[in-house]
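Please read the structure below before turning to the comments.
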Amino acid sequence: MVNMPSTSAVQAIDPTLDFLQSFNMSTSSSSSSPHSLGDRDEGPRDEDDFEPLTLNPSHVAPGGLMFHSLQIFGQMLKGRKDFSEQTEAEFDAFCSLVSPDDHVILANKKADKWSVSDELKESARIYSRVFILLPTTVAYCGNVPKHIMPAMRDLKVDDMPPIKEVARLNLLCKLIDKFLTDCHNAVKEKIKNSLSVDSPTCNIADLTHAVISNTPVQPTLQLYMRMAFLRWCYVQYAHIVPDDGWWLMVDETIENFRTKLKDEYKISQTFNNLYQKDKLEYGNPADSSHQVIKPKDIVSWQSTVNMQAAQVQGKTKKRRHVD
């Protein structure tokens, strides 16, 4: 993986800092509006997050073999976890083994018995695409699968593995990562193609509808603004960073907006400012045949995914703080 170019590497010509400076100079220091376009509550931490139980060093002999019986440690662990009857039986069988190699073989056999169903695979593909196309997404790289899976579980997607089935969730997570990569490439390519003078997707409305085609995502003004932001990022950074580093630069730009502007009202104003510039350069969406819906009218499942999209932790050096 290519490391993310530091801000200092492009500081002399960094369009984000240049834009923020001009933006701050052109806007008043008015107080934050409670109805800003980007308003959203911070949600709970991932349900998959938990503090792992680790072995006491005194339980391990210098040669690496367990000094105390693994069965005793297993009983300690079961006291902290609420296992199902089947999981408890499988865990007891695991703890009864002596050789570490036997543990690996058993774990691999258990994982090999399960595969992602066609229905779950299709759901994962759809939700991965949806996640990339939401205006509330705060990071496009990072722990995105850990937020897609809870959204799928909340929405009662069929065949979702239980939270305790770590091996199965890991398989699903890898699949989602692949779908996200595919979607990243497709969206970026559509943005690139929209820059041609005679492009049929030059207008941001046409571009947005081309990107969300064959998905259940509903178009909103906020999504138009997000797409205008992504196109601005492409123009400013695609020639500066490697192909596989562009989405990381997008995340860093969003993080710069959040840390330097600090309040949601100014952040939403920034996206709106870029949207207005996009309209002047590429055409007014009002001149297209497309319509948007109001945020209050979006379907409930999209609201659920929107909430998870606002909690992603990116891969940039600066990490968002989640209360």
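By its C-alpha gyration tensor, with a ≥ b ≥ c as the square roots of the eigenvalues, how is segment 118-224 shaped: rounded for a/c under 1.5, else prolate for a/b larger than b/c, else oblate? Cα axes put segment 118-224 in the prolate bin.
The charge dipole of segment 117-309, taken about the Cα centre with unit charges on the Cβ atoms of Lys, Arg (+1) and Asp, Glu (-1), comes to about 420 debye, rounded to the nearest 20. Can you work out the FRET efficiency for the pair residue 170 and residue 244, with r the C-beta to C-beta distance and R0 = 30 Å, to the nearest 0.05? With a Förster radius of 30 Å, E is 0.85. Cross-link check: pairs 113/146; 113/188; 121/192; 78/178; 146/296 evaluated at a Cα-Cα cut-off of 31 Å; pairs beyond the cut-off: 113/188; 78/178.
For segment 117-309, the square roots of the Cα gyration tensor eigenvalues, ordered a ≥ b ≥ c, give a/c of at least 1.5 with a/b greater than b/c, which places it in the prolate category. Each residue, residue 88 and residue 185, gets one label point 7 Å from its Cα in the Cβ direction; the gap between the two is 4.7 nm.
Answer rounded, prolate or oblate for segment 223-279, using the Cα gyration tensor with square roots of eigenvalues a ≥ b ≥ c: rounded when a/c is under 1.5, else prolate when a/b is larger than b/c, else oblate. Since a/c reaches 1.5 but b/c is at least a/b, the shape of segment 223-279 is classed as oblate.
Laboratory data are not the source of any read-out in this text; all were calculated from the coordinates shown. Predicted, not measured: the structure shown is a model, and the values here were computed from it. As a convention, Cβ positions derive from the backbone with ideal geometry for all residues, glycine included, and neighbour counts pool all protein chains shown.
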